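Some notes on the structure that comes next.
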Amino acid sequence: MPEISRPYRILVARFCHESHRLNPRLTHEELFVVERGHDILRSPAGVLKGLTEALVAAGARIEPVFSANGGAGGLVDHDFYVRMREELLDEVRRIKPDAIGLDLHGAMGTTETPDAEGDLLQALRHVVGPNVPIGIGLDLHGHITPRMLDNTDICIACKENPHSDFVECGHKVAELLIKQLEGRLKPVTVSAWVPMILPGAGETASGPLAEIHAKAREYAALHPSIKDISIYNVFRFTDDNEIGQVITILSDGPDADAPSVAVDLATHFWVERERFKDDLLTVDEVFALVDSSPDKRPFAIGDMGDRTAAGAPGDGTILLSAALDDYPGLRGAVPITDPVAAARAVEAGVGATVTLSVGAGFTPGFMPRLITGRVEHVSDGNFILKGPVGGGDLCAMGPTAVLKVDDRIHVLVTTKPADTIDPAAFTSQNVVIEDLDFIVVKSGFHFVLNFAGLATPVLVNTPGVGYYRKNQFEYQKARFWPEHDISTPAITARQHSVGPLHKYVASALK
Ligand SMILES: [Zn+2]
């Protein structure tokens, strides 16, 4: 971190949501965890944690506004979004910071706009003008729009999926912001876009994504003026123009090679597109595996179709029914989002035996399941994630009850979607994972890191809105491979820059 010549006042905030437009349960204020003022600095998580700790270490003064984290879910209620946006803008007008650092997801959509971050950043730029640096750190599953890039000085993503490096991403945003304030960085961003999604193979440590990231690191090492290359794998459940893979390159002043580097990396996606596939087991295959592999138990079964980590409601019962009906010897735990059933079980209280219909309250086509079980545990559903992904974040499941069915299957009935990427979702409800043969998690990637050493990860192909399948969803605006017939795209680079730098770039390119 560079030394600073004066204690800059840097406004920070977090406003994160990954918005699935086909989850019919809209994300209203009560599904967000919101803190304000200095409370957000007590135990920050993610990009906000990295951002604030690096700014403090550099000697900057933090001006905290709010942290609003909604995880993933249905589209955000637009009125709530607007209230938060206006609150942020009012604080910016009052505080008049030297710079702004934000922790955003990058794929927040509201009931009125699929590009909430673009709207937010454009509004911020309008208030502060071109001379106050704006730096943001994003999830690499962001839907990156020209509006976002045109209104930020520094826009970078985490580099790992599972996302174990949000804190490092925050450190980097802080470092670049300070350098810019000190006049030691003139950030210029170039982007290249390719109209495709990744139907699978989304992990960055292996397969084609690992190769693209390695190539990006090689390019950066060869070009000292390149300070960041971010590789965005768009969130697939957004419907907007220009849905696709995006490469952004941030350099100190215009880098003559950055446009061709961006185009080359984006082209790599297109050339390798057929390799982005998942290898998922069927429901029968996964339970047969659990049944026949006692030495590998407990298994953590990633319910791909009903991933709350990708914005699905978490109300699927297919794995619960398979375990109850077809595998009487297995002990396990299954989370189900069902506010009505949760309220009834909580009201009945610990020790009561209840018969409830659970699940299928939100996802079209899902079947509810009738269960009879003993209420083992009730709580407010709050827990703190502990693992490398999301560690420190508060997850609020709302009133939650654990029912034990057939004396072997624990059903976590939650009011809000549970963030089961982390063992703490279960242990906080007195479920002892080591005593079980399997647990179901509503996650496809992040749980693998957080359950490392505790459970064997396996992914299962289940129905639901949490997994992309060609022709399953209707897209009004987006056009991308493999959903649509896309001929080989002409991939070009765009230059983004703000304020006086725009003039600087334009003259440099003449
Ligand atoms: Zn992500």
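The values are calculated or read from the model by the stated rules, or taken from the named source; none is laboratory data. Since the structure is predicted, the reported quantities are computational estimates derived from the model, not experimental observations. When we count neighbours, we look across all protein chains shown, and the Cβ atoms used for this are built from the backbone with ideal geometry, even at glycine. These accessible areas exclude ligands, DNA and RNA; they are computed on the full protein's heavy atoms, side chains included. Shrake-Rupley method; radii C 1.70, N 1.55, O 1.52, S 1.80 Å.
Dipole of the chain (Lys/Arg Cβ +1, Asp/Glu Cβ -1, origin at the Cα centre): which of 24, 310, 120 lies farthest to the positive side? Checking the options against the dipole of the chain, the answer is 120. Start at zero, step by 10 Å, and the Cα-Cα distances of region 188-228 spread as 24, 45, 29, 2 percent across the bins.
Which net charge results for the neighbourhood of residue 28, defined as the other residues with beta-carbon distances under 11 angstrom from its beta-carbon, given Lys and Arg at +1 and Asp and Glu at -1? With Lys, Arg at +1 and Asp, Glu at -1, the net is -2.
An ellipsoid equivalent to region 212-323, defined through the eigenvalues of its Cα gyration tensor, has semi-axes of 41, 17, 13 Å when rounded to whole angstrom and sorted largest first.
At a Förster radius of 25 Å, what calculated FRET efficiency corresponds to the Cβ-Cβ distance of residue 131 and residue 56, to the nearest 0.05? Don't skip to the end; give the middle numbers.
Working: r = 24 Å, r/R0 = 0.96.
The computed FRET efficiency comes out at 0.55.
Once the chain from residue 241 to residue 484 is taken as fully extended at 0.36 nm per residue, the excess over their C-alpha distance is 86.1 nm.
In the assembled protein chains, residue 242 presents an accessible area of approximately 70 Å² (probe radius 1.4 Å).
Of 52, 353, 267, which has the most accessible area with a 1.4 Å probe, and how do the rest follow in descending order?
Details: 52 10, 353 100, 267 50 Å².
So, going from the largest accessible area down, we get 353, 267, 52.
Test of understanding: what is the full-extension gain from residue 90 to residue 477, defined as 0.36 nm times their sequence separation minus their Cα-Cα distance? Kindly include the intermediate steps, with their values, before the conclusion.
Details: separation 387, 0.36 × 387 = 139.32 nm, distance 3.31 nm.
136.0 nm is the gain from fully extending residue 90 to residue 477.
The residue list 188, 481, 354 was ranked by how far each Cα lies along the charge dipole of the chain toward its positive end, using unit charges on Cβ atoms, and 188 comes out on top.
Taking all Cα pairs closer than 8 Å and separated by 6 or more residues, the relative contact order of region 34-177 comes to 30 percent.
The mean sequence separation of alpha-carbon pairs under 8 Å and at least six residues apart, normalised by the residue count of the chain, gives a relative contact order of 17 percent. The charge dipole of region 283-460, taken about its Cα centre with unit charges on the Cβ atoms of Lys, Arg (+1), Asp and Glu (-1) only, comes to about 260 debye. What is the percent of Cα-Cα separations in the chain that go past 42 Å? Result for the distance tail: 18 percent.
Within a Cβ distance under 11 Å of residue 314, other residues only, what is the Lys/Arg minus Asp/Glu net charge?
Working: positive: 25, 307, 416, 442; negative: 303, 306, 315, 338, 419.
Local net charge: -1.
For every helix of n ≥ 4 consecutive DSSP H residues, a contribution of -39,500 (n - 2.57) applies; sum these over the chain, divide by its total residues, and give [θ] at 222 nm rounded to the nearest 500 deg cm²/dmol. All intermediate terms of the calculation are to be shown ahead of the outcome.
Numbers: 13 runs with 144 residues, N = 510.
Mean residue ellipticity at 222 nm (helix-derived): -8500 deg cm²/dmol.
Note on region 340-384: semi-axes of the ellipsoid equivalent to its C-alpha gyration tensor, largest first and rounded to whole Å, are 21, 15, 8.
The accessible-area ordering, largest first, of the residues 62, 318 stands as 318, 62, per a 1.4 angstrom probe. Note on region 13-74: Rg/Rh from Cα positions, Kirkwood definition for Rh, rounded to two decimals, is 1.08. Taken about its Cα centre, the chain carries a charge dipole of roughly 1120 debye when the Cβ of each Lys and Arg holds +1 and the Cβ of each Asp and Glu holds -1.
Multiply the residue separation of residue 281 and residue 82 by 0.36 nm, subtract the distance between their alpha-carbon atoms, and state the gained length in nm to one decimal.
That pair, residue 281 and residue 82, stretches by 67.4 nm at full extension.
Restricting the calculation to alpha carbons of region 283-460 gives Rg and Dmax of 14.5, 39 angstrom.
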